[in-house]
Every structure is written in structure tokens, then in C-alpha cells.
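To start, the structure under review is shown below, and the notes come after it.
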Amino acid sequence: MAGCKGLLVVDPASSTNDFYIKIRPTMQKFRCNDWTLEICEHSVATPTRLNNQIILLMSDLGVPDETFLRLQKKWFDNAPSKYIYADNLLKNKIPLPVNECRYMFGCAFETKLEAGTCFIRYEVLGENKKPLPNRQYKSVEGKVIVTKNPCPYAGDMLVLNAVDLPELRDLHDVIVFSTKGDRPDFHKIAGSDLDGDKYFVYWGSELQLRSSVPPLDYTADKKIKHPTPISAEDVINYYLSTLGATSYGEVFNLHTVIVDRNEEKHSQRTCQKLAIEMARMFASAIDSGKTGYTIDKNRIQTIRNEYGKCYPDFLMKYDKSFYKSQSIVGILYRNARLFNKKDFESLANAFACLTTQDDGSAVSTSPPLASLPVNTTSVRVKSGGKRSSSNASSKPNSKKK
């Protein structure tokens, strides 16, 4: 609409007789006379899952490995393999209780929310992840964990205090941030700007962070100014200049290798000096379309020579050399492989260490894994090359993707 882009919040006091939209100056990307309002998405109750990045951050911030293993075991116990998609299984997309977490749009409230607080009111879902017959809503109060993907650094995950504000109860399934403080909380989360960003929000009791890390400054690179109006030739020259440039996908993979190998022996893997450099580089690469930033080819080549030749097994680069990751993500991945192969005896041994809950109470060590039916329609994994069944690195395949 008129060259504007962003998130709109409906005023509950408005009526169908009121047709106006208030925008912030930063929402206008360019000027035009097209006043069509195009709606891409709207807020809706969306349960969420863990993933490799979130697991690594939570591990850095003190969540014990046993907690993730217990959640994975519960997932396997309750869902026969034929109902688990390969992508979810092997990328550790472990589901969380539907009324303890959500994937939400973020917006801001300038007045009553103090720094470090937020407002969340969610729709209660049944076990089938569908709304109840008589729709119900609840406000969250207490500590909540908030981050957004991609989240390459432990400081991208915050713990905020959710409070209930009656004047905001018409807002469902969004997280409302404060704008107060030297730096708004939402901007501390991977430099997000509420321009349609979605957040992982968890308020359950099983995942508890025990430490925190100061957020990074993700101030965007200054936009490259063009001295004259941009022509078609300028656009063509820009695209030609980016051919062969490093993609942010490669930066992401190199960052993952650096974090997993942890050659600095850092207690928080994502806080290694080189990992932080890669996190900043990744953020800049994502915004390159808006800023004109290009990755330093010489620097990335140096890093590629050191970390781009052998990958952790959970990245599933089977056409390249890979090694057995010792991180919790690697452990969960290999458990998923056992589940996929229906090797329930080995999987039971892998879960044998789960003798206590985080609070010290006993947990059953006799899982019903072996009783799961063996189905011929089990999920399969497509690979670009042969897999190595040993712990040694495989030889790289000559084929390129």
C-alpha cells in the first residue's frame, strides 16, 4: 500500500466506518500511488518446535542435555515413525506442548510496558492442535523465553517477564514488546525490527535457562548511496557484481561447523570469537539486498579453507567428508537415525541415562520404544552421496551440488 510494508495492528475501538491506517516513517520503502492493501499473513495460533539452532542456544544458556533427550524420547514414544516427517525427525524439530509455546508475530506498545516485560495472550488449543469448541484465551504471566530464527548467537535469546494488561487483551497470538530502555528488547533479538518478524516464544517449565549473554549489536551496514537515479543498467551491473558471491547459506554452514567443533573450548559454543564474527557476517549477508553489502571474499576463503572441508554429521552433507558431532545436536540426530531405522534396542540404550527429571524426580527407564509397530512406510532420507557407517570421516564425493 503506497510503497509501505510492515505489520498492522487493528484498533479494537475502531469500527467499519473508520477507514484509515497509521504508518510509521520506517514502514515506507518507496513512494507510489497504489493504495491497494495486500495482506500476506495474519496472526493465528501456531504451535512451534525446537530446532538445531534453538537447541544449541539453549544448551549454551544452561539447559541440560538430558532435558532435550527427555523431550525427544517423549516425542518418539507418542508418535509412530510413519507419522513423523523425515525433515522434522533428522533436523531435531522436536514438538513442544501446544499450550506452552507459540510462533508469533511481534509488535510494540509504547506506554505501559516497561523494559524487560512483554504481553502475550494466546488461544488455548486442544491436543489435536485445533481450537476448542468454545474458544478460550489465556494471558501469560511470568518468565518467557523469546528468540527468532536465524539465531546464531546465545545473546539472541532473551528471558522476558510477561505481564497481563487488560487494555491489550484483544490482541491474540502476538507478542507485544516494550519500546522503553536504551535499546528495545526486540532489537536485542538478532537485531529484529518488528517489520513482520516472527518469534519463538516459550513459557513452559521444562526448558529453563540458567545463564544469559549480552546481545550483539546488529546495527545494519550503511546503505550504499548512488549519486544518480538508479537505471536499468545499474541494476544489471549490480546483479553481475554479485555473481559468484558467497551466499548466506554457506556462511550459516561455516558458522555451524565453527560452533560445533568449538576449537576455542568455550563454555558457550556460540560465543567463540570466530563464531561471533560469523554471526555478524551472516546478519549482514541477509540484509545485503537492502544495503548492497557483499561478503569479503578473501576472508570467507580463509575460513572456508579451515572449516569448509569436513562437516558435522547432523548437517547431512553425505556427499562430503563428515565427522561424528559430540554436541547435543549430534547426539539427538543419531538418536533420530536409530528411530528411523527402527533400531529400538539401541535407542533404548541411548535413553538409559534418563534416570531423573531436572527437579530430581524419577523417570521411567522402560520406554515403550520396542513396542512400536514396524511399518514398511517408514520415512527415508534422500542423500546426495553414500553414507559412512563408521565414525571416521567419509571421502568427499566428486559430484558438486
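Does the stretch 48-55 contain any residue that is more than 24 Å from Met104 (Cβ to Cβ), in contact (Cβ under 8 Å) with a residue 24 or more places away in the chain and not in a loop (DSSP other than H, G, I, E, B)?
no
Could you list, in sequence order, the residues of the stretch 15-32 that are hydrophobic (A, V, I, L, M, F, W, C) and surrounded by 12 or more Cβ atoms within 10 Å (Cβ to Cβ)?
Passing the criteria: Ile23, Met27.
Between a first residue in the stretch 108-133 that is touching a residue at least 12 places away in the same chain (Cβ under 8 Å) and a second residue that is of a type in the set (Gly, Ala, Ser) and in a loop (DSSP other than H, G, I, E, B), which pairs have beta carbons less than 6 Å apart while being 6 or more apart in sequence or on different chains?
Note: pairs meeting the criteria are Ala115/Gly181; Glu123/Ala45; Leu125/Ala45.
One residue is enough: does the stretch 149-163 have a residue meeting the conditions of a type in the set (Ser, Thr, Tyr), at pLDDT 95 or above and crowded, with 19+ Cβ neighbours inside 10 Å?
No, every residue in the stretch 149-163 fails to be of a type in the set (Ser, Thr, Tyr), at pLDDT 95 or above and crowded, with 19+ Cβ neighbours inside 10 Å.
Pairs under 7 Å by beta carbon, first residue under 20 Å from Thr46 (Cβ atoms) in the stretch 195-210, partner part of a loop (DSSP other than H, G, I, E, B) and among the hydroxyl-bearing types (Ser, Thr, Tyr), six or more apart or different chains?
Pairs that qualify, where the first residue is under 20 Å from Thr46 (Cβ atoms) and the partner is part of a loop (DSSP other than H, G, I, E, B) and among the hydroxyl-bearing types (Ser, Thr, Tyr), are Phe200/Thr48.
Taking into account only those residues within the stretch 35-92 that are among the hydrophobic types (A, V, I, L, M, F, W, C), surrounded by fewer than 20 Cβ atoms within 10 Å (Cβ to Cβ) and within 22 Å of Lys130 (Cβ to Cβ), which is modelled with the highest pLDDT?
That would be Val44.
Considering only residues that are surrounded by 19 or more Cβ atoms within 10 Å (Cβ to Cβ) and touching a Leu at 6+ places or on another chain (Cβ under 8 Å), which ones fall in the stretch 296-313?
Passing the criteria: Ile300, Ile303, Tyr307.
Select from the stretch 150-182 the residues that are assigned to a loop (DSSP other than H, G, I, E, B) and in contact with a helix residue (DSSP H, G or I) (Cβ under 6 Å, 6 or more places away or on another chain) and list them in ascending order.
If the condition is that a residue be assigned to a loop (DSSP other than H, G, I, E, B) and in contact with a helix residue (DSSP H, G or I) (Cβ under 6 Å, 6 or more places away or on another chain), then Cys151, Pro152, Tyr153, Met157 are the ones that fit.
Out of all the residues in the stretch 185-220, which are surrounded by fewer than 14 Cβ atoms within 10 Å (Cβ to Cβ) and polar (S, T, N, Q)?
The answer is Ser205, Ser211, Ser212, Thr219.
Do we have any residue at all in the stretch 101-115 that's part of a strand (DSSP E or B), at negative phi and surrounded by fewer than 15 Cβ atoms within 10 Å (Cβ to Cβ)?
no
Among (1) within 24 Å of Tyr122 (Cα to Cα); (2) crowded, with 16+ Cβ neighbours inside 10 Å; (3) in contact (Cβ under 8 Å) with a residue 60 or more places away in the chain, there is one condition Pro12 misses while meeting the rest; what is its number?
(2)
The values are calculated or read from the model by the stated rules, or taken from the named source; none is laboratory data. No experiment lies behind these values; they were computed from the predicted model shown. All Cβ positions, even for glycine, are placed from backbone atoms using ideal geometry, and neighbour counts span all protein chains on display.
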